[in-house]
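Since the structure comes first, as structure tokens, the remarks are kept for the end.
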2 protein chains.
Amino acid sequence: MDLFEAIRSTRSMRRLDPARDVSEGDVETMLDAATRAATGGNSQPVRWLVVRHPELKGRIGELYRQGAEVVLKRYEDEAANNPAAARMLKSSWHLADHMGEAPVLVIPCARGERGRVDSSVFPGVQNLMLAARAIGLGTTLTTIHRLHEDEIKELLGIPADVHTFAVIPVGYPLGRWGEARRRPVSQVTYRDRWGQASPVS
Amino acid sequence: MDLFEAIRSTRSMRRLDPARDVSEGDVETMLDAATRAATGGNSQPVRWLVVRHPELKGRIGELYRQGAEVVLKRYEDEAANNPAAARMLKSSWHLADHMGEAPVLVIPCARGERGRVDSSVFPGVQNLMLAARAIGLGTTLTTIHRLHEDEIKELLGIPADVHTFAVIPVGYPLGRWGEARRRPVSQVTYRDRWGQASPVS
């Protein structure tokens with residue numbers, strides 16, 4: 001797949017087919033892409049925890065659902081007045097209800113200071129999601145699990161000094177691919193100085 | 001360009017041609033790619049500050065160079081015994097000495113809690129770097145500027161509650177494209193539980 005087609009059509013795919021498994025070869029393709037991203041000093045701090053075990057996924061799903069009860073409430077007011085936000089909220093609830101049924105959950109983990117090591121984690125996460133898209137697999141970058149991070153770390157035997165940065169469900173999407181709605185570049189770009197639409201002359 | 005070729009060959013390009021400018025169209029292509037990445041609740045918090053003004057770039061380069069004096073020291077011991085680390089250190093010094101001469105510096109900025117909003121910043125940064133690669137432009141994801149972040153924010157008029165996440169120099173590379181050295185997937189992947197090479201049976 002062409003890079004720009006992948007970039008344009010990689011969007012959160014929150015409805016996944018629980019009955020269609022993801023091959024080990026496809027997981028390898030995604031992880032290989034993930035590991036190619038740059039990391040600070042080429043330190044490669046991320047460990048990619050791939051969870052397929054039904055009971056572990058189920059428990060992670062329960063904890064995720066509890067987090068969603070807290071986080072998704074924040075979007076209810078906006079959803080009441082904004083059809084796009086309402087659709088996102090509905091699909092977010094679908095994911096919260098079915099997270100544990102995703103064929104694969106990928107959890108990027110790393111030691112290091114939060115807010116610092118992140119720059120060595122999320123570029124690889126994006127590579128992973130783009131690679132998944134190119135082979136027909138849907139993903140969503142979610143961080144709601146952090147409300148129950150300690151319980152998830154205990155469940156998976158993750159050491160206390162290791163952070164978990166996301167839970168990424170992977171599977172064949174039930175929805176259709178398409179471009180997500182984003183603000184135009186001109187609305188999110190400044191030139192030379194904060195707030196300036198044009199360069200300093 | 002094929003997605004997987006872009007992923008494999010996007011590496012830090014620290015030697016850039018200061019004499020060859022980057023077109024506005026190419027900047028737009030990179031920023032369009034950057035804005036396509038998912039963000040928490042589709043909040044799209046990043047403002048992409050594009051700096052071309054020579055004096056501003058020069059001052060950022062000076063501050064970056066001062067940060068490099070501190071950060072790059074950490075790699076000297078490793079470089080003494082490891083040729084790959086020595087090459088990286090040498091090219092990192094080149095970048096530190098020439099940051100202010102890059103045709104374009106892109107600084108992703110966002111409000112929000114550090115360590116939380118990062119997951120809405122760096123996926124877009126990776127998109128930007130992949131898009132640059134596909135159109136022949138080199139980039140490096142650097143965070144060394146954070147040692148002098150307050151001064152850079154003052155220089156560019158960035159409000160106190162806005163963070164700067166990276167300084168990304170963009171230009172035509174003087175070096176050659178190629179695959180960076182990364183650890184194999186098997187060495188950075190766990191199955192079902194931390195530390196396990198194989199799934200729970």
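The values are calculated or read from the model by the stated rules, or taken from the named source; none is laboratory data. Note that the coordinates shown come from a computational prediction; the quantities given were computed from them, not determined experimentally. Quick reminder, even Gly has a Cβ in these numbers, built from the backbone with ideal geometry, and neighbours come from all protein chains shown. Surface areas here come from the heavy atoms of the whole protein model, side chains and all, with no ligands, DNA or RNA. Shrake-Rupley method; radii C 1.70, N 1.55, O 1.52, S 1.80 Å.
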(message) Which residue is nearest to A:Val50 (Cα to Cα), if the candidates are limited to segment A:116-143 and must be open to solvent by less than 10 Å² (accessible area, probe 1.4 Å) and without any contact (Cβ under 8 Å) to a residue 60 or more places away in the chain?
(response) A:Phe122
(message) Regarding segment A:164-183, can at least one residue be identified that is within 30 Å of B:Pro54 (Cβ to Cβ) and without any contact (Cβ under 8 Å) to a residue 60 or more places away in the chain?
(response) yes
(request) Answer yes or no: is there a residue in segment A:174-186 that is at the interface with chain B (Cβ under 7 Å from one of its Cβ atoms), in contact with a His (Cβ under 6 Å, 6 or more places away or on another chain), open to solvent by less than 50 Å² (accessible area, probe 1.4 Å) and farther than 20 Å from A:Leu63 by Cα. (result) no
(message) I need a count of the residues in segment A:153-167 that are more than 11 Å from every other protein chain (Cβ to nearest Cβ) and open to solvent by less than 30 Å² (accessible area, probe 1.4 Å).
(response) 1
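On the given criteria, is B:Gln66 within 9 Å of another protein chain (Cβ to nearest Cβ) and either surrounded by 14 or more Cβ atoms within 10 Å (Cβ to Cβ) or not charged (D, E, K, R) (or both)?
Values: within 9 Å of another protein chain (Cβ to nearest Cβ): no; either surrounded by 14 or more Cβ atoms within 10 Å (Cβ to Cβ) or not charged (D, E, K, R) (or both): yes.
Answer is no for this residue.
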(request) Among the residues of segment A:90-115, count how many are without any contact (Cβ under 8 Å) to a residue 40 or more places away in the chain, open to solvent by 20 Å² or more (accessible area, probe 1.4 Å) and not acidic (Asp, Glu). (result) 2
(message) If I go through segment B:38-50 residue by residue, how many of them are within 7 Å of chain A (Cβ to nearest Cβ), over 20 Å from B:Pro169 (Cβ atoms) and buried (at least 19 other Cβ atoms within 10 Å of the Cβ)?
(response) 2
(request) Could you tell me whether any residue of segment A:182-201 is at pLDDT 95 or above, within 12 Å of the chain's Cα centre (by Cα) and farther than 17 Å from B:Gly115 by Cβ? (result) no
(request) Among the residues of segment B:27-37, write down those that are within 7 Å of chain A (Cβ to nearest Cβ) and open to solvent by less than 30 Å² (accessible area, probe 1.4 Å). (result) B:Leu31, B:Ala33, B:Thr35, B:Ala37
(request) Can you give me the number of residues within segment B:1-26 that are buried (at least 22 other Cβ atoms within 10 Å of the Cβ) and in a helix (DSSP H, G or I)? (result) 3
